[in-house]
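Colleague: Shown below is the structure under consideration.
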Amino acid sequence: MTIQPNHLPTAELQAIDAAHHLHPFTDTKALNAKGARVIVRAEGVHLWDSDGNRILDAMSGLWCTNIGYGREELAEVAADQMRRLPYYNTFFQTTHPPVLALAERLAELAPGDLNHAFFCGSGSEANDTNLRLVRHYWASQGKPGKTVVIARKNGYHGSTVGAASLGGMKPMHAQGGLPIPGIRHIDQPYWYGEGGDESPEAFGLARARALEAAIEEIGEDKVAAFIAEPVQGAGGVIIPPDTYWPEIQRICDAHEILLIADEVISGFGRLGTWFGSQYYGIRPDLMTLAKGLSSGYLPIGAVMVSDRVAGGLIEDGGEFFHGYTYSGHPVACAVALENLRILEEEGVVERVREDVAPYLAERWRELGDHPLVGEARIVGMMGALELTPDKASRARFAAEEGTVGLRCRERCFANGLVMRHVRDSMIIAPPLVISHGGIDRLIELARKSLDDTLAGLRADGLMVAA
Ligand code: PXG
């Protein structure tokens with residue numbers, strides 16, 4: 001299909017962008033030298049750029065367009081809500097129909113007794129809320145010393161000062177003096193990269209027990225909570241060994257530590273369950289939501305809070321001095337509700353579990369036979385390929401970390417596929433509504449991009465182990 005351009009020529013759009021737009025997580029000098037890719041339209045699982053190229057979006061935008069692009073129902077609901085009540089706040093003892101309906105729906109969907117929603121505009125804001133909320137909770141329970149939050153190296157929880165501090169991204173910490181005090185990072189359950197000769201099971205247990213060691217060192221009376229993503233996303237789709245989460249749950253229970261599951265990526269069907277906590281059988285006290293909550297159509301995030309924690313706060317906490325102008329934004333709430341309706345009525349989550357994810361896994365693992373791939377791992381609708389110059393030893397490349405990953409990402413774009421790179425691994429998290437045909441195309445384009453990358457590495461003498 002030819003898309004008629006309704007915009008300026010690409011070079012002019014790029015020039016305006018370079019002159020006035022500062023992009024997130026971007027080396028602006030390097031970007032401006034080549035010009036940004038301009039995306040003008042999307043439908044289903046595809047994007048179109050300003051030159052009319054069609055691109056298969058295997059990243060769901062940024063892990064968020066779970067129901068795919070172009071759903072008219074969401075546009076209709078947004079327009080209708082904008083006409084009815086485009087904005088009102090939920091401060092000053094006020095509420096409105098979309099926010100209360102969404103809170104009720106989330107309480108029904110969320111596991112266990114996570115029956116209370118605190119709304120905000122993004123995952124970062126939700127995690128800042130978590131940080132303040134758990135400290136306020138323990139203070140309200142007569143334990144004001146319980147303030148430390150334990151998190152993980154290479155975890156990602158957002159970009160605000162609090163969320164970036166909870167995250168374990170070293171380059172983020174290095175800019176601006178993070179983390180803030182009161183946060184401790186423990187090692188991640190990254191078997192491929194750090195497991196050495198240990199079995200994944202033994203390694204998973206050892207990495208979970210790092211939590212217990214940290215609690216014992218800091219003192220249980222000083223630790224408020226542990227926060228983690230069920231599967232690390234931005235860190236590189238790091239799928240924990242099966243032994244990891246049950247041990248984490250045991251440790252949190254044994255030591256009176258609140259468990260915060262950051263479900264910003266794993267929520268809303270990504271693992272074939274409504275939430276990743278259900279997939280791993282964990283019982284969080286708090287759950288961070290964003291992204292798939294509205295399938296990315298509008299910005300919205302939330303913290304789901306258990307009966308116990310909310311009950312304590314309501315009973316003993318007085319006023320919680322925290323909230324955002326857009327907490328419970330009516331249009332965002334209405335769109336999120338419609339998104340949840342579609343996910344449920346179209347049986348998207350069950351279809352992922354029973355059909356789409358198993359098919360994707362089968363096809364994805366085939367890529368493990370490629371000479372450049374050291375491991376092809378996948379859980380639900382999120383997968384990673386570890387690129388290596390030597391499959392047998394899981395070696396890293398001699399070239400600076402990320403060089404090969406970036407090259408591969410560029411080959412993917414040239415071939416009409418969005419895969420993101422993390423260091424020298426390639427990541428996918430396609431929309432949950434992708435068809436078998438779409439998956440076949442994804443695998444075909446990924447294989448071609450791997451072939452092209454390998455040819456380039458050989459030509460440039462880069463297939464060399466560190
Ligand atoms: N928690 C998790 C687990 C996330 O993945 C956030 C919190 C923060 O959400 P907001 O809405 O504030 O961005 C995220 C966001 C990437 C990438 O390149 C991932 C995220 C954001 C931007 C880029 O993988 N995840």
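The values are calculated or read from the model by the stated rules, or taken from the named source; none is laboratory data. Keep in mind it's a predicted model, so treat the numbers as computed, not measured. In this analysis, Cβ positions are derived from the backbone assuming ideal geometry, glycine residues included, and neighbour counts consider all displayed protein chains. The accessibility values were calculated without ligands, DNA or RNA, using every heavy atom of the protein model including side chains. Shrake-Rupley method; radii C 1.70, N 1.55, O 1.52, S 1.80 Å.
Colleague: Starting from segment 158-175, take each residue that is closer than 10 Å to Leu131 by Cβ and list its partners that are away from the ligand (no atom under 11 Å from the Cβ) and assigned to a helix (DSSP H, G or I), counting only C-beta distances under 6 angstrom and pairs at least six apart or across chains.
Modeller: Sorted first by the residue in segment 158-175, then by its partner, the pairs are Gly162/Leu131.
Colleague: On to the next question. Within segment 336-347, can you find the residues that are under 19 Å from the mean Cα position of the chain (by Cα) and either polar (S, T, N, Q) or open to solvent by 30 Å² or more (accessible area, probe 1.4 Å) (or both)?
Modeller: Once the filter is applied, which keeps residues that are under 19 Å from the mean Cα position of the chain (by Cα) and either polar (S, T, N, Q) or open to solvent by 30 Å² or more (accessible area, probe 1.4 Å) (or both), segment 336-347 yields only Asn339.
Colleague: So how many residues does segment 206-219 have that are more than 25 Å from the chain's Cα centre (by Cα) and touching a residue at least 40 places away in the same chain (Cβ under 8 Å)?
Modeller: 4
Colleague: Among the candidates Gly142, Gly176, single out the residue that is within 30 Å of Gly311 (Cβ to Cβ) and either assigned to a loop (DSSP other than H, G, I, E, B) or away from the ligand (no atom under 15 Å from the Cβ) (or both).
Modeller: Result: Gly142 is the single residue among Gly142, Gly176 that is within 30 Å of Gly311 (Cβ to Cβ) and either assigned to a loop (DSSP other than H, G, I, E, B) or away from the ligand (no atom under 15 Å from the Cβ) (or both).
Colleague: Considering only segment 397-432, how many residues are more than 17 Å from Pro371 (Cβ to Cβ) and in a helix (DSSP H, G or I)?
Modeller: Going through segment 397-432 one residue at a time, the tally reaches 7.
Colleague: Separate question: Return only the number of the condition from (1) away from the ligand (no atom under 16 Å from the Cβ); (2) in contact (Cβ under 8 Å) with a residue 12 or more places away in the chain; (3) within 18 Å of Tyr324 (Cβ to Cβ) that Thr94 does not satisfy.
Modeller: (2) is the only condition that Thr94 fails.
Colleague: Any idea how many residues of segment 399-441 are free of Cβ contacts under 8 Å to residues at least 12 places away in the same chain and aliphatic (A, V, I, L, M)?
Modeller: Looking only at that region, the number is 0.
Colleague: I would also like to ask the following. Give all pairs with beta carbons closer than 6 Å in which a residue from segment 281-297 that is at pLDDT 95 or above meets a residue that is surrounded by 24 or more Cβ atoms within 10 Å (Cβ to Cβ) and hydroxyl-bearing (Ser, Thr, Tyr); count only pairs at least 6 apart in sequence or on separate chains.
Modeller: As it stands, the answer is Pro284/Ser277; Ser295/Thr65; Gly296/Thr65, since those pairs meet every condition given.
Colleague: I'm told Glu194 meets every condition in (1) in contact with a Gly (Cβ under 8 Å, 6 or more places away or on another chain); (2) more than 13 Å from the ligand (Cβ to nearest atom) except one. Can you identify the failing condition by its number?
Modeller: Every condition holds for Glu194 apart from (1).
Colleague: Okay, moving on. Would you confirm whether or not segment 55-74 contains a residue that is among the aromatic types (Phe, Trp, Tyr), more than 16 Å from the ligand (Cβ to nearest atom) and surrounded by 13 or more Cβ atoms within 10 Å (Cβ to Cβ)?
Modeller: yes
Colleague: Can you name the strands (runs of 3 or more DSSP E) wholly within segment 18-73 that have at least 2 residues being within 20 Å of Ile427 (Cα to Cα)?
Modeller: 46-49, 54-57
Colleague: Another question, if that's okay. Only one of (1) within 16 Å of the ligand (Cβ to nearest atom); (2) outside any loop (DSSP other than H, G, I, E, B) fails for Leu205. Which number is that?
Modeller: (1)
Colleague: If you scan segment 348-388, which residues turn out to be small (Gly, Ala, Ser) and either surrounded by fewer than 20 Cβ atoms within 10 Å (Cβ to Cβ) or in a helix (DSSP H, G or I) (or both)?
Modeller: Ala357, Ala361, Gly368
Colleague: Continuing with the same structure: What's the total number of residues in segment 118-161 that are out of contact with any strand residue (DSSP E or B) (no Cβ under 8 Å at 6 or more places or on another chain) and open to solvent by less than 20 Å² (accessible area, probe 1.4 Å)?
Modeller: Counting residues in segment 118-161 that are out of contact with any strand residue (DSSP E or B) (no Cβ under 8 Å at 6 or more places or on another chain) and open to solvent by less than 20 Å² (accessible area, probe 1.4 Å) gives 1.
Colleague: With respect to Ser306, is the statement that it is of a type in the set (S, T, N, Q) and within 15 Å of the ligand (Cβ to nearest atom) true?
Modeller: no
Colleague: Please give the number of the condition Pro189 fails out of (1) under 21 Å from the mean Cα position of the chain (by Cα); (2) away from the ligand (no atom under 16 Å from the Cβ).
Modeller: All conditions are met except number (2).
Colleague: For segment 423-446: of the residues being within 16 Å of the ligand (Cβ to nearest atom) and buried (at least 20 other Cβ atoms within 10 Å of the Cβ), which is farthest from Gly70 (Cα to Cα)?
Modeller: Asp424
Colleague: Looking at segment 1-54, which of the residues that are hydroxyl-bearing (Ser, Thr, Tyr) and open to solvent by less than 60 Å² (accessible area, probe 1.4 Å) is farthest from the chain's Cα centre (by Cα)?
Modeller: Residue satisfying both the conditions and the ranking: Thr10.
Colleague: How many residues are away from the ligand (no atom under 12 Å from the Cβ), in contact with a helix residue (DSSP H, G or I) (Cβ under 9 Å, 6 or more places away or on another chain) and not in a strand (DSSP E or B) when one looks only at segment 112-137?
Modeller: Qualifying residue count, segment 112-137: 8.
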